[in-house]
Amino acid sequence: MPTQATAKQRRSGSDETPARQRILEAAFSAFMESGFAAASTLEIATRARVSKRELYALVGSKQEMLVTCIRERAKRLQMPDLPEPHDRQALARTLETFGTQLLREVTDPTVIAVFRLAIAEAVRAPEVARALNSLGVETSRAALREVMTRARSAGLVSGDTSGMAEHFAGLLWGNLKVGLLLRVAERPSPREIARRARDATAAFLKLYPQPDKAGSVD
């Protein structure tokens, strides 16, 4: 059984030993290859070259391994602190920055692999999708809603913040994410990512003119 100190380290994520890293890498590989439900702790321990006792002490149950694997990759979906948009030009820069980073991180093959895992295990292991949604997807959605809230407070746009955030995300992604998940699309290049973010921003700002100028757009 793990000691109280080890359990505390595990929960805080401070126990970053080489063995723990091997376990997490082995777990992620096993989940990708076999699926969450089919991957066994014995298989993961064997891949990581540790005993099952050590596996449980350093990481925990299979569910804890999954959440930790997702959490590590979901960090890539967290947006940096963005500047306060004081005018439409600043809002455009903020949206382009946001869109570029979101596309760059989410289209990374390892992140797409996590989404595929969540879809594949939706019935047998719905906790995969719940963990990905709460740790990754909702984080980026909340950040985009905050951008829209600030923009509306500054009088730069008018509308429901959640609706505007969803609209911008739709303009940004189009059918790209579905294509990546189905393996019928290639990951876009940095230039293509920048273009998509720029085009989505331009389309969004055209659809949501500044409130005091709305009357003149006809």
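Quick note: the coordinates plus some simple rules give every number you see, no bench work behind them. Small disclaimer: the values here were computed from a predicted structure and weren't measured. Quick reminder, even Gly has a Cβ in these numbers, built from the backbone with ideal geometry, and neighbours come from all protein chains shown.
The stretch between Arg104 and Ala185, if pulled fully straight at 0.36 nm per residue, gains 27.7 nm over its current Cα-Cα span. For Lys52, a cut-off of 12 angstrom between C-alpha atoms picks up these aspartates and glutamates, skipping any fewer than 8 places away in its own chain: Glu43. Rg then Dmax, both in Å and based on the Cα atoms of the chain: 20.9, 71.
Please give the per residue volume of the convex hull enclosing the alpha carbon atoms of segment 147-198, rounded to a whole number of Å³.
Taking only Cα atoms, segment 147-198 has a hull volume of 83 Å³ per residue.
Rounded to two decimals, the Cα-based Rg/Rh of segment 79-134, with Kirkwood Rh, is 1.19. Please state, to two decimals, what the Cα-based radius of gyration of segment 38-113 comes to when divided by 2.2 N^0.38 Å (N = residues). Cα-based Rg divided by the globular estimate yields 1.68. Computed from label points 7 Å out along Cα-Cβ, the spacing between Lys75 and Glu127 is 2.2 nm.
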